[in-house]
Amino acid sequence: MRLFKITACIPCPEKSRTQRELQNTYFTKWVPYESWFAEQQRIMKQGGKILKVELATGRRQVNVGN
């Protein structure tokens with residue numbers, strides 16, 4: 001199974017004592033190859049930024065055919 005390992009950053013509004021601030025939330029997620037485009041659009045629509053994308057498989061040292 002081909003997967004993308006993505007690292008992204010999404011701004012999340014947090015209420016502070018005096019004013020509204022944006023706090024960035026960083027996360028790493030495994031996304032199936034087939035649903036990569038939908039996940040990319042979801043992150044961009046939320047105002048996020050994709051920092052790193054790696055092509056990976058479920059097991060180490062497996063040829064993914066690219």
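What follows is calculated from the coordinates using simple rules that are stated; it is not laboratory data. Quick caveat, the model's predicted, so the values are computed rather than measured. So basically every Cβ, Gly included, is an ideal-geometry build from the backbone, and we count neighbours across all protein chains shown.
Could you tell me the calculated FRET efficiency between Val53 and Gln23, based on Cβ-Cβ distance and R0 = 22 angstrom, to the nearest 0.05?
Details: r = 23 Å, r/R0 = 1.07.
In this case the efficiency is close to 0.40.
Scanning residues 5 or more positions from Arg2 or on other chains, those with amide H under 5 Å from its amide H are Tyr33, with H placed 1.01 Å from N in the peptide plane.
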